[in-house]
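A short write-up of the structure that comes next.
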Amino acid sequence: MQILVRDNNVDQALRALKKKLQREGVFREMKLRDHFEKPSERKARERAEAVRRARKLARKALQREGLLPAKPKPAR
């Protein structure tokens with residue numbers, strides 16, 4: 001992974017690095033590996049994540065078909 005620092009702006013480069021790491025799931029992985037997780041807990045977590053992903057995909061499909069209203073975007 002490579003981040004370019006432009007005009008000695010380290011803060012901006014650090015923000016970009018954090019965003020890339022977040023997208024890759026590195027922080028989540030570190031949090032999971034911080035403590036031992038029993039195999040039964042891991043299976044339950046992975047099952048719950050799979051259900052969450054499936055529901056999200058179904059919701060997105062229904063929104064595309066127009067059967068569900070899209071989530072309103074927050075006004076700034």
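For the residues 30, 1, what sequence is obtained by ranking on other C-beta atoms within 10 Å, fewest first?
Numbers: 30 10, 1 7.
Arranged by neighbour count, lowest to highest, 30, 1 become 1, 30.
Enumerate the amide H contacts of residue 68 below 5 Å, restricted to partners 5 or more residues apart or on another chain; note that Pro and chain-start residues carry no placed amide H.
The list, which skips near neighbours in sequence, is 63.
Sequence neighbours fewer than 8 away in the same chain don't count; with that in mind, list the lysines whose C-alpha is under 19 Å from residue 56.
Counting by Cα, and skipping residues close in sequence, residue 56 has these lysines nearby: 71, 73.
To the nearest 20 debye, what is the magnitude of the charge dipole of the chain about its Cα centre, counting +1 on the Cβ of each Lys and Arg and -1 on the Cβ of each Asp and Glu? Don't skip to the answer; put the middle values down first.
Details: 24 positive and 10 negative charges, 84 e Å.
The dipole magnitude comes to about 400 debye.
Mind sorting 67, 32 by how few other Cβ atoms lie within 10 Å of their own Cβ, fewest first?
Fewest-to-most Cβ neighbours within 10 Å comes out as 67, 32.
Per-residue HN-Hα couplings for region 63-76, Karplus 6.51 cos²θ - 1.76 cosθ + 1.60 at θ = phi - 60°, whole Hz, x for Gly and Pro?
Result, ordered by residue: 5, 5, 7, x, 7, 10, x, 6, 5, x, 7, x, 7, 9 Hz.
All of the numbers you see were taken from the coordinates with simple rules; none came from a lab. Values in this document were obtained by computation on a predicted structure and should not be read as measured data. Here the Cβ is made from the backbone with ideal geometry for all residues, glycine too, and neighbour counts use every protein chain on show.
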